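The values are calculated or read from the model by the stated rules, or taken from the named source; none is laboratory data. Here the structure is a predicted model, which is why all the values come from computation and not from measurement. In this analysis, Cβ positions are derived from the backbone assuming ideal geometry, glycine residues included, and neighbour counts consider all displayed protein chains. With ligands, DNA and RNA removed, areas are computed over all heavy atoms of the protein, side chains included. Shrake-Rupley method; radii C 1.70, N 1.55, O 1.52, S 1.80 Å.
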Amino acid sequence: MIDLHSHILPGLDDGSSSLAESLEMARLAVADGTTHMACTPHIVPGMYENGSANIARAVKEFEQALRRAAIPLALYVGADVHIAPDLPEQLALGSVPTLNRSRYFLFEPPHHVLPPRLEDLALRLINAGFVPILTHPERLTWIKANYDIVERLNAIGCLVQLTADSIVGAFGRTALYYSEKLIDEGRVDIIASDTHGATRRRPGLSQAVAAAAKRCGEDEARNMVLKRPGEILANRPLEPVGKARSKKPSPGNAGRFAGLGRLLKGGTA
Ligand SMILES: [Fe+2]
């Protein structure tokens, strides 16, 4: 499996605090079936001042440590990129890294406040040739009152990344509810661990894949941790799975489509 979201590099953010912990995280990931992992420390201006250069350096050092410890985990450069007004320019300059130098990058909105003009920023990024991967929308506290924003971000071309712990219930009922809703609606492109440590928020995707498979089938659950992450790392074009579903019918057809939906569901709600 391929894990595209991890805070495994030591000392760069609130993830791993030491090389020993990073090695233990890598062992746990490999034991659970992860073979490839993107190292994606936070980039938050004024808080976690990481960038392409220091992340690439840390990945190289960690690769050497993995080799010495004989842990078979392939690493890729990436970042968990907090929103910023100049993000399109920073990505274009290369000072903020995408995933393995592809067009795809992890796009992290604030957890508790819906920023104004989030959709405008996403559109500017897409028009600049990048594909934002919206990280764990199911965990954002503003999703309850603003689910339509997630739908619209998906419709304009943002991919959706679910966090593994959310779909197994480790982040509580609300995150579980929205995980299941997003999967049931066919909006989830990838599942990633977003691991932060060897004891707290441990790595591993297999339990989440099993939980997702119960709702969307095994093939689609595997796509979320293998096929699509592989295409992202290879920079192949990828449409959000939820994009087609997000295309709104024209107003004239809306009533008819809603009726058809009810018929297909066999209910009247
Ligand atoms: Fe993260």
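Placing unit charges on C-beta atoms (Lys and Arg positive, Asp and Glu negative, everything else neutral), compute the dipole magnitude of region 7-57 about its Cα centre in debye, rounded to 20. Don't skip to the answer; put the middle values down first.
On the way: 2 positive and 6 negative charges, 36 e Å.
In total the dipole reaches around 180 debye.
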Region 60-197 shape via C-alpha gyration tensor axes, a/c threshold 1.5: oblate
Globularity index of region 2-265, i.e. its alpha-carbon radius of gyration over 2.2 N^0.38 Å: 0.99
For the chain, size of Cβ-based charge dipole, Lys and Arg +1, Asp and Glu -1, in debye: 760 debye
Candidates Val113, Val96, Val160: whichever shows maximal mean-square fluctuation once the chain is modelled as a Gaussian network with Cα springs under 10 Å: Val113
Extension gain, Ser18 back to Lys181 (0.36 nm per residue minus Cα-Cα distance, nm): 55.0 nm
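Of the listed peptides 42-48, 181-187, what is their order by residue-averaged count of other C-beta atoms within 10 Å, with the highest listed first?
Details: 42-48: 15.6, 181-187: 18.0.
With the highest mean Cβ count within 10 Å placed first, the list reads 181-187, 42-48.
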Solvent-accessible surface ranking, highest first, for His7, His36 at 1.4 angstrom: His36, His7
Local net charge near Leu238, Cβ-Cβ under 12 Å (Lys/Arg +1, Asp/Glu -1): +2
Segments 222-229, 114-121 sorted - mean Cβ within 10 Å per residue, highest first: 222-229, 114-121
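Which of the pairs Lys60/Lys227; Lys60/Lys181; Lys60/Lys243 have their Cα atoms more than 32 Å apart in this structure? Write down the numbers at each step before the final one.
Values: Lys60/Lys227 25 Å; Lys60/Lys181 39 Å; Lys60/Lys243 36 Å.
Violating the 32 Å limit, Cα to Cα: Lys60/Lys181; Lys60/Lys243.
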Distance (nanometres) between label positions extended 7 Å along Cα→Cβ at Asp219 and Ala69: 3.8 nm
Extreme residue, positive dipole direction of the chain, given options Leu159, Thr195, Leu121 (C-beta unit charges): Leu159
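To the nearest 500 deg cm²/dmol, what mean residue ellipticity at 222 nm is calculated for the chain from DSSP H runs of n ≥ 4 alone, each contributing -39,500 (n - 2.57), summed and divided by the residues?
-12000 deg cm²/dmol
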Heavy-atom accessible surface of the chain: percent carbon and sulfur, 1.4 Å: 54 percent
Residue-normalised accessible area of region 2-265, expressed per residue, 1.4 Å probe, Å²: 46 Å²
